[in-house]
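As structure tokens, the structure follows; a few thoughts come after it.
Values in this text are rule-based calculations from the coordinates and carry no lab data. Every value quoted in this text rests on a predicted model; they were computed, and no experiment measured them. As a convention, Cβ positions derive from the backbone with ideal geometry for all residues, glycine included, and neighbour counts pool all protein chains shown.
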Amino acid sequence: MMNKTILLADDEEDIRDVLSIYLSDMGYSVITAEDGRQALEIFQKEKPAIVLSDIKMPALNGIELLKQIKKINPETEVIMITGHGDLDLAIESLKLEACDFITKPINDDVFEIALKRACEKIELREQIRAQNENLHRLVQEELRATRRQHQQLFNEAPCYISVQNRELKITDSNERFKQDFGNERGGYCYEIYKHRNEPCADCPVQKTFDDGLSHQFETVVTTKKNQPYNVLIQTSPIKNEKGVITHVMEMSTNITQVRLLQDQLSSLGLLISSISHSIKGMLTGMDGGLYLLDSGLKNRDYDRILKGNETVTLMVARIRKMVLDILYYAKERELQHTHINTAKFSRDVASAVAAKIKQSSVRFKTDFDSSSQVIAIDTAQMRSALINILENALDACEEDNSKKDHEIIFSVKQDNRSAIFSIKDNGLGMDQETRENMFTLFFSSKGHKGTGLGLFISNRIIEQHGGAITVESVPAKGTCFTIRIPSNGPLAAVEASLLSDS
């Protein structure tokens, strides 16, 4: 609503009195000033919407008063009062954005028209302001609604979304990302995703910053709960109003289940490929054994019959073992537990790899606790698991060119609850990413030399025994595998017998 206060500035008291009465009758609240300086002081205090000012006044003339008022509040409407000889000053006042001017003696109709024009300008300005405020409010509501929709889409997207700056720091992320990787705003993506100390070699975000194009990349990331996920990454540049890339959006789709299915199919393919040659050989051996049996029966050659029977029996045993191996990959199978002395079993494992290690320049040391007791394990499966780890240690030593002397220490000790096997080497060592993914099927740090099966199988066998593997490794220093297998209450009689045999 318009302010109905008017400031009247004129050095003639009679004019002030007459105009005050007239304006009061029109419904205005009038404040008077006898010169320009007093008028300026009143204006700064009262802030009236309309000012009536004589052009010629002592202390501060009307033109200077107009300039000061417009400087303080450009929207104040100022009507200048002038004599007949002051037309040039009146025109100058209009140039200084005075609303209007009236001449003395003042005509009531002219005065009323000038006031009406000033009021209309104020009301029009207030209407425009109200419309602008309403439009601004509507725009803000629409922006908030759009922002909520975009935020909802951002958070509900079925993938991990992060926004990164040129330093590869995460400036924003959606809820799914925060749930699995934490609310690490300001953290480096390679630290959060990979637990690395430096950017990845083929970083798709960096490529997008470099060429402005979208890039795809598949990798394995690790959640805050240390769960490895296979993800397919897609990047998209975010530009400012000048077209400069300021951020890159990275969208990562979790394809772990797809890769697991592919791994299972690949595993099946590897099995089929590897056993096909063995089956062919065993069938050939079976044919030979059957031939010996058939010819022996025809010729009543007892020795030939025995030899054919031995061959057939051997081939059947090999086929049975192969079928069991296939079932091992297809599903969990029950372990064939045998009670065996821990030290004796460890010596058997060591002797199985000693010849291979001896062919290299790596020293092989053993340290088996003579007071070790009996554990119940599937000896064939556990032997396979430990040999896989020992051979992995040998590879780490042979591929390490940073030092000349290498050694592997295989030790075992036992407490009241479990047998503890330790395999320690001073070879290549592993970085954090390798440590976190080394038990993943088909993950290998050896390139084309590795299949990614050995440690996966070893870990699976140890878990079937209710055991666990812990790994300590430092790059260029070496690695230590500690395998803890629970003792299942060995019988004293069996233990005594096995200890005496050993």
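Count Lys and Arg as plus one, Asp and Glu as minus one, and take only other residues whose Cβ is under 12 Å from that of Glu310; the net charge is then +1. Across the chain, the relative contact order, built from alpha-carbon pairs under 8 Å that are at least six residues apart, equals 7 percent.
Between Ile91 and Lys116, the FRET efficiency from the beta-carbon distance, with R0 = 30 Å, is close to 0.90. The helix-only estimate of mean residue ellipticity at 222 nm for the chain, built from DSSP H runs of length n ≥ 4 each weighted as -39500 (n - 2.57), is -16500 deg cm²/dmol after division by the residue total.
Since only Val353, Leu60, Asn392 are under comparison, the one whose Cα sits farthest along the positive direction of the charge dipole of the chain, derived from C-beta charges on Lys, Arg, Asp and Glu, is Val353.
Axis of helix 379-398 versus longest Cα principal axis of the chain: the two differ by about 60°, to the nearest ten degrees.
Of the beta bridges in the chain, as assigned by DSSP with both residues counted there, near 70 percent are antiparallel.
In the structure shown, do any of Lys71/Lys104; Lys358/Lys404; Lys356/Lys404; Lys194/Lys239; Lys67/Lys116; Lys358/Lys413 have a Cα-Cα gap over 21 Å, and if so which?
On the way: Lys71/Lys104 27 Å; Lys358/Lys404 16 Å; Lys356/Lys404 19 Å; Lys194/Lys239 27 Å; Lys67/Lys116 23 Å; Lys358/Lys413 24 Å.
Checking Cα-Cα distances, Lys71/Lys104; Lys194/Lys239; Lys67/Lys116; Lys358/Lys413 exceed 21 Å.
Relative to the longest principal axis of the Cα atoms of the chain, the long axis of helix 108-156 makes an angle of roughly 0 degrees. A cut-off under 15 angstrom between Cβ atoms defines the neighbours of Leu94, and their net charge, with Lys, Arg +1 and Asp, Glu -1, is -1. A dipole drawn for the chain from +1 and -1 charges on Cβ atoms has a positive end, and of Leu115, Asn416, Met438 the residue lying farthest that way is Asn416.
What dipole magnitude, in Debye to the nearest 20, does the chain give about its Cα centre under +1 on Lys/Arg Cβ and -1 on Asp/Glu Cβ?
4120
Between 0 and 90 degrees, the angle of helix 342-358 with respect to the longest Cα principal axis of the chain falls at about 90 degrees.
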